[in-house]
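The values are calculated or read from the model by the stated rules, or taken from the named source; none is laboratory data. Predicted model, so just to flag it, every value in this text is computed and none were measured. Glycine gets a Cβ as well: all are built from the backbone with ideal geometry, and neighbour counts include every protein chain shown.
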Amino acid sequence: MLYQMRTICVFAGSSPGADPTYAAAARALGTELAHRGLGLVYGGASVGLMGILADATLAAGGRVVGILPRGRFRREVAHAGLSELRQVASMHERKAQMADLADAFIALPGGYGTFDELFEIVTWAQIGLHDKPIGLLDVDGYFAPLLALIRHAAAAGFIPPDHTHLLLHATDPAALLDHFAAYTPPHLAQKWAELPPER
């Protein structure tokens, strides 16, 4: 049975990056989402990979919902052409709404903000707050050092080995979305041993 998806949350850089390959991947992902009838929810900006992704999704006929903290960024950063732009009170509320609206999560290349969003959503999966698929669009090996770090953390005893599989990854959007469609939520070993019953 295929995993049912309607909306994908994408975390992405507010810069286009130094290599045009990153922008090309953002365009390809947006186009692929729209062609599959999948909506996009993202951080609501018009700049960087975020804006490129939103523009490509819209150009291909897709629905795009942006979520932006009120008063946190300059007015021109907000994307004016989205299907829906929601303004929220804080960064925390932004991430919570993005998670609530999404059936799966993808990280494109990005910086601290992208890493923050990615690791929070992986942590939520690890402790059982959701069982939605999470994937990296590994453009030109961008996430290879991150995947190596996760393997290192597992070998060092900080990440249970079966939890390393929480992050799917592929080098092109179609392959990653195919992984999502075939996704079965994993049965994870508990991160912590059960506490003894209170006396």
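Taking (1) surrounded by 14 or more Cβ atoms within 10 Å (Cβ to Cβ); (2) within 16 Å of Asp103 (Cα to Cα); (3) more than 13 Å from the chain's Cα centre (by Cα) in turn, Leu129 satisfies each apart from (1). Going through segment 52-79 one residue at a time, which ones are surrounded by 15 or more Cβ atoms within 10 Å (Cβ to Cβ), in a helix (DSSP H, G or I) and of a type outside the set (Asp, Glu)? The answer is Ile52, Leu53, Ala54, Ala56, Thr57, Leu58, Val77. All told, Ala80 falls short of being closer than 26 Å to Leu147 by Cβ and either touching a residue at least 60 places away in the same chain (Cβ under 8 Å) or not aromatic (Phe, Trp, Tyr) (or both).
Return the residues of segment 176-191 that are free of Cβ contacts under 8 Å to residues at least 12 places away in the same chain and either over 30 Å from Ala34 (Cα atoms) or surrounded by 15 or more Cβ atoms within 10 Å (Cβ to Cβ) (or both); say none if nothing qualifies. Those that are free of Cβ contacts under 8 Å to residues at least 12 places away in the same chain and either over 30 Å from Ala34 (Cα atoms) or surrounded by 15 or more Cβ atoms within 10 Å (Cβ to Cβ) (or both): His187, Gln190. Going by what's in this entry, would Val65 be described as modelled with pLDDT under 95 and on the phi < 0 side of the Ramachandran plot? For Val65, the condition - modelled with pLDDT under 95 and on the phi < 0 side of the Ramachandran plot - is not met.
The set of residues in segment 66-120 that are of a type in the set (Lys, Arg) and closer than 25 Å to Phe143 by Cβ comprises Arg94, Lys95. Scanning segment 33-51 for residues that are buried (at least 21 other Cβ atoms within 10 Å of the Cβ) and under 16 Å from Phe180 (Cα atoms) yields Leu33, Gly39, Leu40. Considering each residue of segment 152-163 in turn, none proves to be surrounded by 14 or more Cβ atoms within 10 Å (Cβ to Cβ) and either closer than 28 Å to His35 by Cβ or under 15 Å from the mean Cα position of the chain (by Cα) (or both).
Restricting to segment 80-101, and then to whatever is of a type in the set (A, V, I, L, M) and closer than 24 Å to Asp55 by Cβ, can you tell me which residue is surrounded by the most Cβ atoms within 10 Å (Cβ to Cβ)? Looking at the filtered set, the residue picked out is Met98. For Phe119, the requirement of being surrounded by fewer than 21 Cβ atoms within 10 Å (Cβ to Cβ) and either of a type in the set (S, T, N, Q) or over 21 Å from Pro16 (Cβ atoms) (or both) is met.
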